[in-house]
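Please read the structure below before turning to the comments.
The values are calculated or read from the model by the stated rules, or taken from the named source; none is laboratory data. Since this is a predicted model, take the numbers as computed values, not measurements. Quick reminder, even Gly has a Cβ in these numbers, built from the backbone with ideal geometry, and neighbours come from all protein chains shown.
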Amino acid sequence: MTAAGDDAAEAAARVHEALGHDFSDQRLLRRALTHRSHASEHALDESYERLEFLGDAVLQLAVTGHMFQSFPELNEGELAKVRAAVVDEPTLAQFAREMGLGPLVLLGRGEVLTGGSDKDSILSDVMESVIGAIFLEAGFAATADMILEHWAPLVDQRASAPGEADYKTRLQELLAQSGLRPRYVIADEGPEHEKLFTAEVFAGDRSLGSGTGSSKKRAEQAAAEAASAALDA
């Protein structure tokens, strides 16, 4: 089913593992993973673009609803800043990478040759299109629950300081200038109810910085902040 040769059943299993949804309509899943370059080469009627449009709206509403209920102290402008920081292209692409969606995308030959399965623009679109497809099968409530399972920790972190920079995005942008991408290695210690996480961030084999936090996301942000400061120095 994919550029890597996985069949439909394997793709469905991998999506289920990442997102917890079993697709009953394999054609819908296939469409959610079909880039327009592949659709054009194979004379298919549709790519994932309409599902991407739908998924964007579902994601925005789920995140907005969570913020509205959870952070009554934030004003409209602060809510908008938080939402913009957690549903932007780099964040969507990173979630797609963590979920293993890249290898599932059906691409045309040109996109395969240029590494399309790891492009932020394509990965962020596919993340939204899969959300849109899940919405069509499962409805809003179940889809919102799935979204918040992944997004709520990041939303909560950003809402604690809605005007602050997203250091992971900043570091990603800095490294992209040299064709590099940050890689985070996480360790934890302490009892389950009060773990302390330590993150070390690398570019290739080079360690750029480390940081600690009460969650993996906070530790990664702290490491990215240290690495960004070092690179900017």
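Any idea which of ASP22, ASP45 is closer than 21 Å to ALA138 by Cα, assigned by TED's automatic domain parsing to the domain that holds GLY132, part of a loop (DSSP other than H, G, I, E, B) and over 19 Å from the mean Cα position of the chain (by Cα)? Let's see the steps before the verdict.
Numbers: ASP45 fails: closer than 21 Å to ALA138 by Cα.
Going through ASP22, ASP45 in turn, the sole match is ASP22.
Within the range 1-13, does at least one residue satisfy the condition of being in contact with an Asp or Glu (Cβ under 8 Å, 6 or more places away or on another chain), among the aliphatic types (A, V, I, L, M) and assigned to a loop (DSSP other than H, G, I, E, B)?
yes
Take the range 46-84 and flag every residue that is among the charged types (D, E, K, R) and under 23 Å from VAL105 (Cβ atoms).
Once the filter is applied, which keeps residues that are among the charged types (D, E, K, R) and under 23 Å from VAL105 (Cβ atoms), the range 46-84 yields GLU46, GLU49, ARG50, GLU52, ASP56.
Taking the options PRO103, PRO90, name whichever one is at pLDDT 90 or above, of a type outside the set (Asp, Glu) and in a helix (DSSP H, G or I).
Only one candidate qualifies: PRO103.
Can you go through ILE122, ILE147, ILE134 and tell me which one is in contact with a Ser or Thr (Cβ under 7 Å, 6 or more places away or on another chain), outside the structural domain of SER210 (by TED's automatic domain parsing) and crowded, with 21+ Cβ neighbours inside 10 Å?
Working: ILE122 fails: in contact with a Ser or Thr (Cβ under 7 Å, 6 or more places away or on another chain); ILE147 fails: in contact with a Ser or Thr (Cβ under 7 Å, 6 or more places away or on another chain).
Result: ILE134 is the single residue among ILE122, ILE147, ILE134 that is in contact with a Ser or Thr (Cβ under 7 Å, 6 or more places away or on another chain), outside the structural domain of SER210 (by TED's automatic domain parsing) and crowded, with 21+ Cβ neighbours inside 10 Å.
Looking at (1) surrounded by fewer than 18 Cβ atoms within 10 Å (Cβ to Cβ); (2) in contact (Cβ under 8 Å) with a residue 60 or more places away in the chain; (3) within 24 Å of LEU79 (Cα to Cα), can you tell me which one VAL155 breaks?
Status for VAL155: all satisfied but (1).
So the check is Cβ under 6 Å with 6+ separation or different chains; which pairs have a first residue in the range 57-81 that's outside any loop (DSSP other than H, G, I, E, B) and a second one that's modelled with pLDDT of 95 or more and among the aromatic types (Phe, Trp, Tyr)?
VAL58/PHE135
Would you mind stating whether PHE202 is over 20 Å from the mean Cα position of the chain (by Cα) and surrounded by 15 or more Cβ atoms within 10 Å (Cβ to Cβ)? Step through it out loud before you land on a result.
On the way: over 20 Å from the mean Cα position of the chain (by Cα): no; surrounded by 15 or more Cβ atoms within 10 Å (Cβ to Cβ): yes.
No, not satisfied.
Go through the residues of the range 163-170 one by one and say whether even a single one is outside any helix (DSSP H, G or I), under 30 Å from THR64 (Cα atoms) and at pLDDT 90 or above.
Initial filter on the range 163-170 (outside any helix (DSSP H, G or I)): 163-166.
Keeping just the survivors that are under 30 Å from THR64 (Cα atoms) gives 163-166.
Among the residues that remain, those that are also at pLDDT 90 or above are: none.
Among the residues of the range 163-170, not one is outside any helix (DSSP H, G or I), under 30 Å from THR64 (Cα atoms) and at pLDDT 90 or above, which makes the answer no.
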